[in-house]
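A quick write-up on the structure given underneath.
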Amino acid sequence: MESFPVINMEKLNGEERAATMEKIKDACENWGFFELLNHGIPYELLDTVEKMTKEHYRKCMEQRFKEMVASKGLEGVEVEVEDLDWESTFFLKHLPESNISQVPDLQDEYRKVMKEFAAKLEKLAEELLDLLSENLGLEKGYLKKAFYGSKGPTFGTKVSNYPPCPKPDLIKGLRAHTDAGGLILLFQDDKVSGLQLLKDGKWVDVPPMHHSIVINLGDQLEVITNGKYKSIEHRVIAQSDGTRMSIASFYNPGSDAVIYPAPALLEKETEEKQVYPKFVFEDYMKLYSGLKFQAKEPRFEAMKAVEANVTLDPIRTA
């Protein structure tokens with residue numbers, strides 16, 4: 001099988017730009033995932049984020065996780081656990097409003113670092129959306145506008161730790177799913193692996209690489225591209241040794257953004273029919289919350305059933 005796509009963003013600034021854009025295009029069309037190097041986020045910042053996240057887990061979350069495992073008797077399970085993930089998590093919201101100051105147990109310095117990290121990731125997400133728009137032949141800024149809604153995009157981070165698991169064959173770190181939103185930017189542990197994606201019917205490891213940011217596409221980009229790009233099923237395999245850190249940031253449409261296939265893509269492909277529905281992003285999220293670990297196609301079908309009620313405003317700009 002061909003190797004996992006790794007994109008060196010520095011090459012976008014020189015004579016290798018066209019070849020690098022082609023690599024991004026291929027990754028979006030055939031993988032739904034790619035890994036970024038030289039992405040512009042300072043490595044010292046990444047090191048600080050990793051160190052503080054691991055310290056926070058040890059101080060504030062590890063004991064709670066052990067108590068949860070003991071209370072549910074998970075050490076001694078004999079059959080596959082299908083309704084639980086072997087992960088310890090907390091969530092941060094950045095846009096439209098930040099909740100970082102309200103999240104309990106975080107040290108002030110950690111709050112400050114995560115705020116800085118989120119600002120860098122937001123900038124990177126917008127840069128990537130412009131590169132994707134360019135590759136799709138859409139007008140500059142189209143995807144950013146499509147995500148905007150009336151208050152701008154929603155953006156948040158899920159901070160996860162996957163502790164050593166005594167029964168990794170019976171309990172998943174995180175069950176298989178596609179991501180509901182737009183663009184996902186993941187800073188993952190470079191020593192403890194576990195993230196896998198489904199490609200051509202086989203589970204493929206997403207390689208841990210030092211200081212890289214892994215990108216994957218969510219359901220909304222599949223809809224906007226009318227299936228040209230696809231959101232891909234992925235999962236986390238629990239490991240028997242080592243705690244894996246995962247910081248996934250979700251750059252999503254605004255809650256009231258109306259999502260639908262880009263008309264320019266439908267016009268370009270005369271034989272292309274619109275196969276994806278129009279819907280309000282918040283409505284999709286309400287449906288997704290109960291069906292996250294099921295196939296995405298019935299979700300799209302369910303949104304088709306209600307699309308007649310969606311008023312299609314022209315895409316708003318800031």
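Answer with yes or no whether Lys123 is surrounded by fewer than 21 Cβ atoms within 10 Å (Cβ to Cβ) and either outside any helix (DSSP H, G or I) or within 17 Å of the chain's Cα centre (by Cα) (or both). Let's see the steps before the verdict.
On the way: surrounded by fewer than 21 Cβ atoms within 10 Å (Cβ to Cβ): yes; either outside any helix (DSSP H, G or I) or within 17 Å of the chain's Cα centre (by Cα) (or both): yes.
When the stated conditions are applied, Lys123 passes them.
Only one of Thr225, Thr243 is among the β-branched types (Val, Ile, Thr), closer than 30 Å to Pro263 by Cα and over 11 Å from the mean Cα position of the chain (by Cα); which?
Thr225
Residues of the range 210-257 being among the β-branched types (Val, Ile, Thr) and either part of a loop (DSSP other than H, G, I, E, B) or free of Cβ contacts under 8 Å to residues at least 60 places away in the same chain (or both), which ones?
Thr225, Ile232, Ile237, Thr243
Looking only at residues in the range 173-199 that are among the hydrophobic types (A, V, I, L, M, F, W, C) and open to solvent by 20 Å² or more (accessible area, probe 1.4 Å), which one is modelled with the lowest pLDDT?
Val192
For (1) surrounded by fewer than 17 Cβ atoms within 10 Å (Cβ to Cβ); (2) on the phi < 0 side of the Ramachandran plot, each residue gets a yes or a no:
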position	(1), (2)
Lys66	yes, yes
Ala70	yes, yes
Gly73	yes, no
Gly76	yes, yes
Asp85	no, yes
Thr89	yes, yes
Ser98	no, yes
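Can you tell me how many residues within the range 258-279 are over 25 Å from Ala176 (Cα atoms) and part of a strand (DSSP E or B)?
In the first step, residues of the range 258-279 are kept if they are over 25 Å from Ala176 (Cα atoms); the result is 258, 260-274, 278.
If we keep only those that are part of a strand (DSSP E or B) as well, we get 258.
Within the range 258-279, residues that are over 25 Å from Ala176 (Cα atoms) and part of a strand (DSSP E or B) number 1.
The values are calculated or read from the model by the stated rules, or taken from the named source; none is laboratory data. Since we're looking at a predicted model, the values are computed, not measured. Positions of Cβ are backbone-derived with ideal geometry, glycine not excepted, and every protein chain shown enters the neighbour counts. Protein only, heavy atoms only, side chains kept; ligands, DNA and RNA dropped before computing areas. Shrake-Rupley method; radii C 1.70, N 1.55, O 1.52, S 1.80 Å.
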